[in-house]
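One structure is given below, encoded as C-alpha cells.
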Amino acid sequence: MITITDIRINLVKGDDKLKAYATIIINDSFLVSDLRVIESDDGFFVAMPSRRKRDGSFKDIAYPLNNDLRIDIEKQVLVAFEKSSGSRAISNIEHAEGIVRPDLLSAVEFGLTPKSDNSAK
C-alpha cells in the first residue's frame, strides 16, 4: 500500500462547487497535483487530475486502480482540507459507505494485466 507523506491544499474563493486544489506526495518520492475538492449536493468529494478531451468531456489522467485506495486518498485529502479551511467536509463516502465510483476503472479495464498470485504453489 502507498503512504501519503504530504498533502498541500490551495483554497479557492468565489466558486460554488470547487473549494480547493490539492497536491499529494506519495512515499516522499512521487507528486500528484491538481486533485480538486468539490462540494456536491451529496457532500464533498475529491476529483482526480483530468484533461479536457476534444469533444469537451474530461478524462482522468491519474487515478487509483482500486476503490480502497480511492477512499483512503479522499479521506486524507478531505481531512487536510478541513484543517486548511476550518470547515467540516462531509464526504460522499460518509453518506454511502462502500460506494463504488462509476468512473473507477479496474486494472483490466485500463488495459493492464494483473499479476497472478503464485504464492499458493
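Observations, loosely collected:
- Which listed residue is modelled with pLDDT of 55 or more, in contact with a Lys or Arg (Cβ under 9 Å, 6 or more places away or on another chain) and of a type in the set (A, V, I, L, M, F, W, C), from Ile73, Ile90, Ile61: Ile61
- Checking Arg51 against (1) assigned to a strand (DSSP E or B); (2) over 13 Å from the mean Cα position of the chain (by Cα); (3) under 21 Å from Ile90 (Cβ atoms); (4) without any contact (Cβ under 8 Å) to a residue 40 or more places away in the chain, the condition it does not meet: (3)
- Exactly one residue among Gly43, Gly14 is exposed (fewer than 10 other Cβ atoms within 10 Å of the Cβ) and either at pLDDT 95 or above or not β-branched (Val, Ile, Thr) (or both), and that residue is Gly14.
- Condition check for Asp28: on the phi > 0 side of the Ramachandran plot and either surrounded by 13 or more Cβ atoms within 10 Å (Cβ to Cβ) or in contact with a Cys (Cβ under 8 Å, 6 or more places away or on another chain) (or both): no
- Selection of segment 54-94 for residues being among the polar types (S, T, N, Q) and within 9 Å of the chain's Cα centre (by Cα) yields an empty set.
- Some residue of segment 74-86 being touching an Asp or Glu at 6+ places or on another chain (Cβ under 7 Å) and either part of a loop (DSSP other than H, G, I, E, B) or acidic (Asp, Glu) (or both): no
The values are calculated or read from the model by the stated rules, or taken from the named source; none is laboratory data. Values in this document were obtained by computation on a predicted structure and should not be read as measured data. Cβ sites come from the backbone with ideal geometry, for glycine too, and all protein chains shown count toward neighbours.
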